[in-house]
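Inspection log for the structure reproduced underneath, given as structure tokens.
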Amino acid sequence: MFQGLVVRPSFGLRAFKSTMAWMGFLAAMFAALTFAVWTSQSFMRGNGVIEDIVSKIFIFSFIGWLIGWLYSLAGAMLRAACTKLSVRDGVLTLQQGILFRSATDMPLSAMRTVVVEQGILDRLFGCGTLKFASSGTDTFEIWLSDVPNVTEVRNRIQASSIGHAAPDRQ
């Protein structure tokens with residue numbers, strides 16, 4: 001029986017998602033600022049100030065984008081490094097956190113529902129979200145996004161839970 005499964009989220013997908021969010025936000029800021037300068041009175045007068053303003057906006061937008069990208073990349077690295085889903089001794093455990101750690105345990109004998117979700121980006125990267133619910137609840141107590149080879153991980157966890165099934169009550 002399999003007892004040593006440890007899963008960590010995919011760093012690449014988390015970094016890509018956070019980078020795309022920053023790029024969209026800063027592109028919208030750059031477009032709004034460029035439009036504001038374009039329609040300003042100094043541009044309408046044609047006194048030559050517009051080139052200086054547009055170049056400063058472009059430089060500051062690029063610097064802002066770079067700082068935001070590096071910040072989101074570092075955050076994605078830390079979140080991926082500090083998140084772990086494991087199966088040991090018949091217990092499914094999700095550990096998360098950098099400064100403040102949290103751990104959620106679920107006995108495999110109580111596990112009733114396992115859901116795999118994959119969006120378009122998840123399918124391109126070969127990842128997905130795993131959700132686990134135990135008996136007697138209508139919510140998912142444990143879920144982990146950006147799991148590489150998500151269907152294989154689900155199958156291995158379900159196979160290990162067969163040996164820990166709760167005995168039938170009569």
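The values are calculated or read from the model by the stated rules, or taken from the named source; none is laboratory data. Only a predicted model underlies this, so the values are computations on that prediction, with no experimental measurement involved. Reconstructed Cβ throughout: ideal geometry from the backbone, glycine too, with neighbour counts over all protein chains shown. Note: areas computed on protein heavy atoms with side chains; ligands, DNA, RNA excluded. Shrake-Rupley method; radii C 1.70, N 1.55, O 1.52, S 1.80 Å.
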key: Cβ pairs under 7 Å, 6+ apart, first in the stretch 73-100 and of a type in the set (Gly, Ala, Ser), second open to solvent by 90 Å² or more (accessible area, probe 1.4 Å) and modelled with pLDDT under 90   = 80/8
note = Within the stretch 109-124, residues of a type outside the set (Asp, Glu) and crowded, with 18+ Cβ neighbours inside 10 Å come out as 110, 111, 114
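Name every residue in the stretch 109-138 that is in a helix (DSSP H, G or I) and out of contact with any strand residue (DSSP E or B) (no Cβ under 6 Å at 6 or more places or on another chain), in order of residue number.
Within the stretch 109-138, the subset in a helix (DSSP H, G or I) is 109-110, 120-125.
Correct list: 109, 120, 121, 123, 124, 125.
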inquiry  = Among (1) open to solvent by 50 Å² or more (accessible area, probe 1.4 Å); (2) part of a strand (DSSP E or B), there is one condition residue 62 misses while meeting the rest; what is its number?
reply    = (2)
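Restricting to the stretch 82-108, and then to whatever is among the β-branched types (Val, Ile, Thr), in a strand (DSSP E or B) and under 15 Å from residue 153 (Cβ atoms), can you tell me which residue is most open to solvent (accessible area, probe 1.4 Å)?
Here is the first cut: in the stretch 82-108, the ones among the β-branched types (Val, Ile, Thr) are 83, 87, 91, 93, 98, 104.
From what's left, in a strand (DSSP E or B): 87, 91, 93, 104.
Adding the requirement that they be under 15 Å from residue 153 (Cβ atoms) leaves 87, 93.
Numbers: 87: 1, 93: 21 Å².
For the stretch 82-108, the residue satisfying everything is 93.
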message = Criterion first (within 18 Å of the chain's Cα centre (by Cα), open to solvent by 30 Å² or more (accessible area, probe 1.4 Å) and at pLDDT 70 or above) does residue 8 satisfy it?
response = yes
inquiry  = Quick check on my filter: what residues within the stretch 75-128 are out of contact with any Pro (no Cβ under 8 Å at 6 or more places or on another chain) and among the polar types (S, T, N, Q)?
reply    = 86, 93, 95, 96, 102, 104, 109, 113, 118
Subset of the stretch 125-136 [open to solvent by 60 Å² or more (accessible area, probe 1.4 Å), more than 15 Å from residue 10 (Cα to Cα) and not small (Gly, Ala, Ser)] = none
